[in-house]
């Protein structure tokens, strides 16, 4: 039986690997995916557009109503990776990493 620290350490390694894979993708799209590593660990990846991180809120305060907004070809995305595992019959462990990535807007 693996120790509690060993179980969590493995979850951290799995989560970091998934985050690295997601960050290495050439194109980012909002969406989600999930799967299993083995009988003990399963994972979820959620990517969402995060425009609130790309706006300068103080700059917009003084902008006149008739001012034209320049649409950027880039979008800020929030990437969330979670690795989950059973701890007891009614309790689940979870390790989550979140980060931001600036990428070209997805083409439709």
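The values are calculated or read from the model by the stated rules, or taken from the named source; none is laboratory data. Bear in mind that the values here come from a model prediction, so they are computed numbers and not experimental data. As a convention, Cβ positions derive from the backbone with ideal geometry for all residues, glycine included, and neighbour counts pool all protein chains shown.
Details
- Subset of region 1-36 that is touching a residue at least 24 places away in the same chain (Cβ under 8 Å) and not in a helix (DSSP H, G or I) - its residue that is farthest from residue 89 (Cα to Cα): 27
- Tabulated pairs, region 86-108, first on the phi > 0 side of the Ramachandran plot, second surrounded by 12 or more Cβ atoms within 10 Å (Cβ to Cβ) and in a strand (DSSP E or B), C-beta under 9 angstrom, 6+ apart or interchain: none
- Within region 13-28, restricting attention to residues that are surrounded by 13 or more Cβ atoms within 10 Å (Cβ to Cβ) and in contact with a strand residue (DSSP E or B) (Cβ under 8 Å, 6 or more places away or on another chain), the residue that is modelled with the lowest pLDDT is 28.
- Residues being modelled with pLDDT of 95 or more and over 19 Å from residue 73 (Cα atoms) - total across region 42-60: 5
- Leading residue by the ranking (nearest to residue 99 (Cα to Cα)) among those in region 37-51 that are in a loop (DSSP other than H, G, I, E, B) and touching a strand residue (DSSP E or B) at 6+ places or on another chain (Cβ under 8 Å): 50
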